[in-house]
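Every number in this text was worked out from the coordinates using simple rules, so none of it is lab data. Predicted model, so just to flag it, every value in this text is computed and none were measured. For neighbour counting, all protein chains shown are included, and Cβ atoms are generated from backbone atoms with ideal geometry for every residue, glycine included.
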Amino acid sequence: MPQPQNKLIEKVIREIEHLPTLPQVVTKLLAMADSAKVNAVDLSKEMDQSLSAKVLKVANSAYYGGRAVRKVNSVHRAIVIIGFDAVKEIILTTSFFHTFQDTKEIEALQPLWQHSLECALVAKRLAWVYRYEAMDEAYLGGLIHDIGKLVIQQHFPDQSRLINNKNNGEVENLDREQEILGMTHAEIGGRMAEQWNFPEALVEAIAHHHDEKWQLNPNLGRILFYADRFVSGLIDFHRMLELFTQAGMRFPLNWHLDELKKVEEIFREEMKKAASILNNSPASQ
Ligand SMILES: [Fe+2]
Ligand SMILES: [Fe+2]
């Protein structure tokens, strides 16, 4: 006879299989990342009216709006002014939040969205610093690394309460999740990424985002691991760079103190950007 916990794992897996699929635009966008020929017109064609409206709202928000002299009123113009990559990120982020918009406790989700978005922006910058080419992977990894927590919170409220009660105030405790649910939020996130057909390196990095010694793709694994710790306030900027160096990953050798200060400033800007995007995302409406 199966153990009750095995039954629970089966239920967790079944729930994951029935979770929402990502909008088609995200899948197309990720495929587009590989094509050098994609232009602003192609991208704007892929967007429906409500997504275009959201992109324009973010493009005119405090963070991005400052770059345009006049109000940005077409997606095409938004792409020209704030850049293809920025628009792509806005689409990925708003689509992702929109996918989970129907969930009951939108307010309660704000800290998780904020954390995820900060992690995405910092992971992308770390990918840039350490020349990890697939910056989209790093960004998406940050955005969805903790999605397993949402699944636990929404679909297993009793177990979620039990995990949190036993956590003694810690935000994450993988042992408790394993003990109570038979799976951790990281594993659940990996499964969701797999279901969304994300690249294998990304699926694995999400499933192991709490494993400092993850070896399958150590570059992406470390980027996600340290981005998460940095935005959680567990390590500061200099300590983070030091840990990358210790792990054998080097930032450009011609960077000295001045350059490092500038990079640190860029990381801070990214955190501000997160707040700006979030305040204009569907999750906040
Ligand atoms: Fe996590
Ligand atoms: Fe996290």
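Under the rule of -39500 (n - 2.57) per DSSP H run of 4 or more residues, summed and divided by the residues of the chain, what mean residue ellipticity at 222 nm is obtained, to the nearest 500 deg cm²/dmol? Numbers along the way, then the final one.
Numbers: 17 runs with 194 residues, N = 285.
So the helix-based figure for the chain works out to -21000 deg cm²/dmol.
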(request) Would you mind checking the tilt of helix 218-231 against the longest principal axis of the Cα atoms of the chain, expressed as 0 to 90 degrees and rounded to 10? (result) 90 degrees
(request) Quickly rank 113-121, 82-90 as a protection proxy: mean count of other C-beta atoms within 10 Å, highest first. (result) 113-121, 82-90
(message) Between 0 and 90 degrees, rounded to the nearest ten: what's the tilt of helix 257-279 against the longest Cα principal axis of the chain?
(response) 70 degrees
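Arrange the peptides 217-224, 175-182 so that the one whose residues have, on average, the most other Cβ atoms within 10 Å appears first.
Working: 217-224: 23.2, 175-182: 18.2.
Descending packing order for the listed peptides: 217-224, 175-182.
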(request) Can you put H185, H18 in order of Cβ neighbours within 10 angstrom, beginning with the fewest? (result) H18, H185
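Please work out whether the stretch 124-262 counts as rounded, prolate or oblate from its C-alpha gyration tensor, where a ≥ b ≥ c are the square roots of the eigenvalues and a/c under 1.5 means rounded, while otherwise a/b larger than b/c means prolate and anything else oblate? All intermediate terms of the calculation are to be shown ahead of the outcome.
Working: a/c = 2.60, a/b = 1.72, b/c = 1.51.
Prolate, because a/c is 1.5 or more and a/b exceeds b/c.
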(message) Per-residue counts of other Cβ atoms within 10 Å, averaged by peptide: what ranking do you get for 231-242, 136-147, highest first?
(response) 136-147, 231-242
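Which FRET efficiency value, to the nearest 0.05, do you get for D42 and E264 by plugging their Cβ-Cβ distance into 1/(1 + (r/R0)^6) with R0 = 35 Å?
Details: r = 36 Å, r/R0 = 1.02.
FRET efficiency, D42 to E264: 0.45.
Quick one: divide the alpha-carbon radius of gyration of the chain by 2.2 N^0.38 Å and tell me what you get. Please report the intermediate quantities before stating the final value.
Values: Rg = 19.2 Å, N = 285, 2.2 N^0.38 = 18.8 Å.
Taking N as the residue count of the chain, the ratio is 1.02.
Return a whole-number percent for the relative contact order of the stretch 115-180, with Cα pairs under 8 Å and 6 or more residues apart as the contact set.
Values: 46 pairs, mean separation 17.0, N = 66.
Once normalised by length, the contact order is 26 percent.
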